[in-house]
Each structure stands twice: as structure tokens, then as C-alpha cells.
1. State all residues of region 277-293 that are in a loop (DSSP other than H, G, I, E, B) and touching a residue at least 60 places away in the same chain (Cβ under 8 Å); if no residue qualifies, say none.
2. Restricting to region 128-151, count the residues that are surrounded by fewer than 22 Cβ atoms within 10 Å (Cβ to Cβ), over 20 Å from residue 369 (Cα atoms) and touching a residue at least 24 places away in the same chain (Cβ under 8 Å).
3. Taking residue 330 as meeting all but one of (1) more than 16 Å from residue 281 (Cα to Cα); (2) in a loop (DSSP other than H, G, I, E, B); (3) not basic (Lys, Arg), write down the number of the exception.
4. Could you list, in sequence order, the residues of region 60-96 that are over 22 Å from residue 334 (Cα atoms), surrounded by fewer than 24 Cβ atoms within 10 Å (Cβ to Cβ) and not acidic (Asp, Glu)?
5. Across region 276-293, which residue is nearest to residue 312 (Cα to Cα) among those that are surrounded by fewer than 24 Cβ atoms within 10 Å (Cβ to Cβ) and among the polar types (S, T, N, Q)?
6. Which of the numbered conditions does residue 341 fail, given that it passes all the others? Conditions: (1) farther than 17 Å from residue 33 by Cβ; (2) of a type in the set (Gly, Ala, Ser); (3) at pLDDT 95 or above.
7. Tally up the residues in region 264-273 that are part of a loop (DSSP other than H, G, I, E, B) and in contact (Cβ under 8 Å) with a residue 60 or more places away in the chain, please.
8. Has region 43-59 got any residue that is surrounded by 15 or more Cβ atoms within 10 Å (Cβ to Cβ), modelled with pLDDT under 95 and either closer than 13 Å to residue 361 by Cβ or of a type in the set (Ser, Thr, Tyr) (or both)?
Amino acid sequence: MRRMESKALLLAAAIGAMPDGAASAQERPAADYYVYVAAESQDEVSLARFGPGGAEVVRTIGASINPTEIDGPHGIAVAPDGSNWYVSIAHGLPFGHVLKFSTGDDRRLGSAEAGLFPATLAVTAGGLLFAANFNLHGDPVPSSVSVLETESMTEVRKITTCAMPHGSRLSPDGRYHYSVCMRDDQLVEIDTRSLEVSRRFSLSPGAERELPVETTGAKAAPGREAQVEGKVRCGPTWVQPSPDGTRAWVACNRNREVVEVELEGWRLTRRFETGAGPYNLEVTPDGRTLAVTYKGDDAVGLIDLDSGTVRAVVPSSRRIPHGVAISPDSRYAFVSVEAVGNEPGAVDVIDLEAGTRVASVDVGRQAGGIGFWRMEPKVE
């Protein structure tokens with residue numbers, strides 16, 4: 001009870017200290033920042049810009065397979081060289097798809113079939129795309145990560161991981177892919193050269209340890225045991241490797257915390273208390289700040305990684321913050337906000353130095369996946 005009260009007080013204090021529309025009190029950005037964000041309930045992707053004049057939508061791009069039904073564009077990834085962007089189409093029969101577009105003119109260049117409900121995406125510099133097939137519906141059986149070759153948009157491998165994989169992310173050198181499994185409380189590492197699972201880690205509270213590579217979802221796995229009613233679970237939804245490749249952080253959606261895993265030793269090293277429903281994570285390129293969306297508290301927490309403390313909690317403009325992307329200069333976080341009902345989604349812009357929301361712009365309904373494209377310095 002004390003822990004819940006302390007989090008409530010922290011959130012209340014943050015709301016009181018960070019008023020809406022704080023842009024006037026902040027230094028204006030010296031560049032234009034561009035992000036792509038998917039609207040799952042509107043079958044479109046918006047290209048949004050934030051700069052000296054505020055935030056605006058530059059254009060919207062249709063993103064669907066079947067024009068007569070809602071296909072659910074969900075995850076976004078931008079190629080490391082900025083030349084293309086990719087969006088997962090979550091709803092499909094029998095499987096979902098990944099669409100490829102060029103950046104700038106936003107022309108559709110191709111598509112590939114993935115698995116059941118492809119969610120989050122990650123792309124290597126060598127042209128491999130990893131799509132976590134979340135398999136949201138049906139029995140909680142082990143699912144997979146699809147590997148696509150992006151030039152031809154061909155699926156080259158489905159790698160079985162465990163139930164409900166999510167949070168597709170790469171190590172900084174592209175050597176390893178990381179995802180988590182929400183139903184099995186696992187962190188899974190894939191070798192991007194062999195395209196095989198190289199390590200597994202149990203995230204079940206009190207049972208954090210390395211697992212045998214073959215543990216895809218057996219009943220004996222700690223994550224399965226933890227699903228018994230009344231027992232604490234991690235319920236991981238996202239993983240984010242550090243910029244130096246030494247650590248990874250995992251959002252434990254069920255028990256209000258982020259855990260830190262040291263990658264060389266493959267062991268848990270730290271825990272960070274969060275608000276309700278930590279969902280997506282992104283770390284600043286300078287390695288100082290971890291931004292965490294709190295779906296249950298309609299806010300974004302900013303964790304100081306040096307001190308291990310939450311230095312700010314920033315309320316979102318609407319309900320249900322989802323994804324987060326951070327600018328290369330470590331200055332701004334761009335947060336997609338789903339909203340509810342027929343209310344439009346939004347992209348909120350957070351000044352990471354000030355710890356305040358400085359802009360917001362409407363996008364399509366149920367805004368989800370978000371990816372940073374580029375910075376464009378303003379010429380004086």
C-alpha cells in the first residue's frame with residue numbers, strides 16, 4: 001500500500017508542477033524534427049513535424065491491405081539510413097503483413113506476409129527486418145519473430161520464441177535482436193547472423209535467471225507458473241538495449257516496474273518503480289534518460305539512469321500513451337497517444353531537459369507505432 005501511495009503522490013506532484021502548453025516557457029527548437037506514427041483504427045500513417053513553429057501533420061498516408069476493412073497499421077520502423085519506412089499491418093487473413101514505403105515522397109514500394117498480428121518492427125543496416133508476431137487472438141501458444149529481407153520484401157525465416165512476443169529491438173551493432181514474451185515472462189535474444197535464438201531469460205519476479213534455449217513455453221517455465229491467479233507477473237511488453245550495448249531495460253507491465261538486465265553476464269542488475277502499466281521504452285542516445293509510457297496513468301516517466309530515480313512524470317494530452325521515439329540529439333521525446341472512442345490520437349512532444357510537454361498535434365485514431373525519421377537544422 002505504501003508503494004502505491006508514493007507513486008500516486010509522485011504523479012500528483014508532477015501534474016501540479018508541469019502545466020499544459022509549457023512551450024512558451026521553453027527555448028524554441030533550432031531544427032525541424034520528423035516522425036512517422038501509425039493510426040491503427042484509421043488505417044493511416046501520419047508524417048508529423050515539430051519545429052520552431054510548433055507541431056503539425058505534414059501529410060497522411062494510407063496503410064492497408066483491404067480497403068473495405070480496418071487492417072490495423074500497428075508498428076513503425078525507419079531504416080537506419082533513413083531511406084525507407086516500414087509499417088506492420090496487424091489484422092490479416094490468415095496472417096498480417098509488413099508494408100515498405102520510401103521516405104520523403106512516401107511511395108509504397110512493396111509488401112511481405114509475416115505472422116499472426118505482426119506488431120513491433122526493427123531493421124538492421126544490412127537490410128533485415130524483424131517483426132514480432134504478437135498473436136493476440138486464440139490460444140496462448142508459442143509464436144514467432146518473422147525475418148524479412150527488405151530489398152525483395154521476402155520472409156526468409158520464422159523464429160519460434162514464446163507466447164505473445166513484443167518489443168522488437170536491435171543491439172547497437174545489429175548483432176543481436178531482442179524481444180519479450182508477454183505471456184511467458186521471457187526476454188529472448190536472437191543471433192542476427194544465424195537467425196536462431198541464442199539466449200533466454202526468465203523475467204518472472206523472484207525467478208529471474210537464464211533459461212534453456214529450448215524453453216519456448218513449457219508448463220515448467222517460470223513465466224507459465226506465474227500466470228496462476230494472485231501471483232505476481234512481469235507481463236513484459238517492451239525491451240530497449242542501451243546505446244553502448246551493455247544493458248537492456250524491460251517494461252514489466254503487470255507489476256509497475258522496469259528491470260535492467262546486464263547483457264554480458266545475462267543477469268538482472270536493477271529495478272525501477274514506475275507508474276501503472278509501463279508499456280513502451282526508449283533511451284536517449286547519450287544514455288542518460290529512459291522514457292517510459294505509463295498506459296495506466298496516462299503519463300510518461302523519465303528515469304535518470306545515473307541515479308536510478310524518476311526525475312519527472314509528464315501527463316499525456318489524452319488517455320493511453322503508447323509508443324515513444326527520441327531525437328538523435330537526446331533533446332525531445334515524441335509520444336504517440338491512442339485516445340479513446342472517436343477521439344483523435346495525438347503525438348505529444350516532451351522537452352527532456354525541462355521534463356515538460358511542449359507541443360501536441362492530432363493524428364488518426366488509436367495512434368500506436370512511432371518512428372523517428374530525421375532532424376533538419378533551420379538555416380538562419
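1. Listed by number, the list holds a single entry, 284.
2. 4
3. Of (1) more than 16 Å from residue 281 (Cα to Cα); (2) in a loop (DSSP other than H, G, I, E, B); (3) not basic (Lys, Arg), only one is false for residue 330: (1).
4. Within region 60-96, 64, 65, 66, 67, 68, 70, 91, 92, 93, 94, 95 qualify.
5. Looking at residues that are surrounded by fewer than 24 Cβ atoms within 10 Å (Cβ to Cβ) and among the polar types (S, T, N, Q), I get 289.
6. All conditions pass for residue 341, except number (3).
7. 1
8. No, region 43-59 has no match at all.
The values are calculated or read from the model by the stated rules, or taken from the named source; none is laboratory data. Everything numeric here is computed off the predicted structure, so don't read it as measured data. Positions of Cβ are backbone-derived with ideal geometry, glycine not excepted, and every protein chain shown enters the neighbour counts.
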